[in-house]
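I have placed the structure first, in the form of structure tokens, so that the comments after it can refer back to it.
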Amino acid sequence: MTLNRFTASGIAVIAFAAGSFFTRVQTIRADSNRVFELRIYHTVPGKVPALTTRFRDIASKLLAKHELKAVGYWIPQDAPASDNTFIYILAHPSREGAKSNWAAMFADPAFQEMGKMEQTEKLVEKVDSIYMSPTDFSPMK
């Protein structure tokens, strides 16, 4: 009878371990298309504070609304970049997902209103966008 308890316990542990392993493999496969987007905004000199306010009050909410998931926002500490550079990173489920979410945001009337604000008070001279895939040893994937 004790052997049966140990056997049953052993089978339960093996089944749990196998289930955990296969669940983890599925998660890895599901995230394998995930990409990050580095966006660097080169502002009109001295306009970083105004752009920061625009992102805090409007743009970050629009990004979230359209599933453009911000990892973080940064301003360089040292001049000259601190005078005209605003940086953020987005995490996307895939490159196709990014394209779809950006298109939805661009079609949003609130985004178009923000575009009118940019025409009234030009803050941004240029935007660099770089899509990145995490390495196999990256802590964030």
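The values are calculated or read from the model by the stated rules, or taken from the named source; none is laboratory data. All figures in this text were calculated on a predicted structure; none of them were measured in a lab. Note that each Cβ is placed from the backbone with ideal geometry, even for glycine, and that neighbours are counted across all protein chains shown.
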Among the residues of segment 79-93, are any in contact with a helix residue (DSSP H, G or I) (Cβ under 9 Å, 6 or more places away or on another chain) and more than 29 Å from Gly46 (Cα to Cα)? yes
Answer yes if at least one residue in segment 123-132 is more than 18 Å from Thr43 (Cβ to Cβ) and basic (Lys, Arg), and no otherwise. no
Pairing a residue in segment 39-54 that is assigned to a strand (DSSP E or B) with any residue that is of a type in the set (Asp, Glu), where Cβ atoms lie under 9 Å and the two sit 6 or more apart in sequence or on different chains, gives Arg39/Asp128; Ile40/Asp128; Tyr41/Glu125; Tyr41/Asp128; His42/Glu125; His42/Asp128; Thr43/Asp83; Thr43/Glu125
Looking at this structure, is Ala98 surrounded by 11 or more Cβ atoms within 10 Å (Cβ to Cβ), in a helix (DSSP H, G or I), touching a residue at least 40 places away in the same chain (Cβ under 8 Å) and not β-branched (Val, Ile, Thr)? yes
Mind listing whichever residues of segment 116-141 are in a helix (DSSP H, G or I) and either in contact (Cβ under 8 Å) with a residue 24 or more places away in the chain or surrounded by 10 or more Cβ atoms within 10 Å (Cβ to Cβ) (or both)? Met117, Glu118
Output the number of residues of segment 49-76 satisfying the condition of being of a type in the set (Ser, Thr, Tyr) and more than 15 Å from the chain's Cα centre (by Cα). 2
Can you name the condition, by its number, that Arg34 falls short on among (1) surrounded by 14 or more Cβ atoms within 10 Å (Cβ to Cβ); (2) at pLDDT 95 or above; (3) closer than 23 Å to Met132 by Cα? (2)
